[in-house]
Amino acid sequence: MIRKTIKECPECASKNIYRDVEKGETVCRDCGLVIEDRMVDFSQEWRDFDEDGGGASKRRTGAPSSETSFDRGLGTEVGTAADVYKLSSNKDRDRFNRLRKWNIRISTAIERNLKVALAELKRVSSFLKLPKSVEEEAARIYRLAVQKGLVRGRSMESVVAGALYAACRRHEVPRTLDEMGEASGIEKKEIGRTYRFVTRELEISIKPSNPADYIPRFASALKLTPESQSKAVEILEMARDIELTSGRGPTGIAAAALYVASLIHGEKRTQREVADVAGVTEVTIRNRYKELIKRLKLSKIVEKSKKK
């Protein structure tokens, strides 16, 4: 839409033009002719409805909507507790308190479930130090599960943990079922069962975990150098090329690759240390280590590094 600027009055040809933005009119100050009315204001509308803002802050919108709130952050509030003291009569104060009570009262069973579950979701997400995007995705998955009745017959905590694990997998944020179980207090078998059920019923496509995603976390916990970390990623790429990573747990193969890389670069870590960080057993580390050494023909390199 192109806005034409009126430079002179069509009646008296005067250039003394006044634009009244509040009334939406363009008026000639010499002859009084209303040249244009119902103007469209194309400027930004600076308004602030916060009680403390007073219209001084330059904001055009409120807080963004969020899936982590049971009402998506779109709910309203009738005044504040401090406003009750501004009322003169006791009758008005009682009416005000009654309105506030009914306004914050949750009406449906789904909203009551969401209010409790999303608080638990935020707690677990904070414990695992998950990014906001994962938290939002997990809240969206849980909301869909509640709306489809998938929570019925299952504990709320297990569905929350399953939704968080699915969101981590979708956003490629590496978190193991053991970590999820430690944070939520639910057995990892139950979390895995609920995760598979929710993703199947909601038709959520999840890509297989990439073992390389776990390398930075494990290397940081083991205090390994960037050279060992890069070598571990290189070993995983070689193992993937010969399809050695398929059908094996991503944490186990990632921990074994990091163990091999630490031996090559002379940063010796015990299998027990690596297993504790990765949340797997020493037997798993040992088996994956033997497979990597044999299939990738790294035995000579590792033996040479051990002698140094």
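Read-outs throughout are calculated quantities, based only on the coordinates presented, and are distinct from any laboratory measurement. Note that this is a predicted model, so its numbers are computed, not measured. All Cβ positions, even for glycine, are placed from backbone atoms using ideal geometry, and neighbour counts span all protein chains on display.
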Return the distance in nm (one decimal) between the two label points of a simple spin-label model at D30 and K300, each offset 7 Å from Cα along Cα→Cβ.
9.9
In nanometres, the difference between 0.36 nm per residue of separation and the alpha-carbon distance of R269 and R98 is 55.1 nm
Once a ≥ b ≥ c are taken as the square roots of the eigenvalues of the Cα gyration tensor of the range 109-201, is the result rounded (a/c under 1.5), prolate (a/b larger than b/c) or oblate (a/b not larger than b/c)?
rounded
Expressed as an acute angle from 0 to 90° and rounded to the nearest 10, what is the orientation of the C-alpha long axis of helix 132-147 relative to the principal long axis of the chain?
80
0 to 90° range, to nearest 10: angle between helix 109-128 axis and the chain longest Cα axis:
50
Treat the count of other C-beta atoms within 10 Å as a stand-in for reagent exposure and order H171, H265 from fewest to most.
H171, H265
(1) 23, 33, 25, 15, 4, 0; (2) 27, 39, 29, 6; (3) 32, 51, 16, 1: which one is P(r) over Cα pairs in 20 Å bins from 0, in percent as calculated from this entry?
(1)
By how many degrees, 0 to 90 and rounded to 10, does the Cα axis of helix 250-264 deviate from the longest principal axis of the chain?
60
Per-bin percent of Cα-Cα distances, the range 211-307 [5 Å]:
2, 16, 29, 29, 19, 5, 0
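Hey, can you rank 133-142, 177-186, 210-219 by average C-beta count inside 10 Å, highest first? Display every interim value, and only then the final one.
On the way: 133-142: 21.7, 177-186: 18.5, 210-219: 20.2.
Result, highest mean first: 133-142, 210-219, 177-186.
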Run the Debye formula on the Cα coordinates of the range 84-154, all scatterers equal and no solvent, and tell me log10 I(q)/I(0) at q = 0.12, 0.14 1/Å.
-0.53, -0.62
Give the residue from I110, A167, V283 lying farthest towards the positive end of the charge dipole for the chain; charges sit on Cβ (+1 for Lys and Arg, -1 for Asp and Glu) and the dipole is referred to the Cα centre.
V283
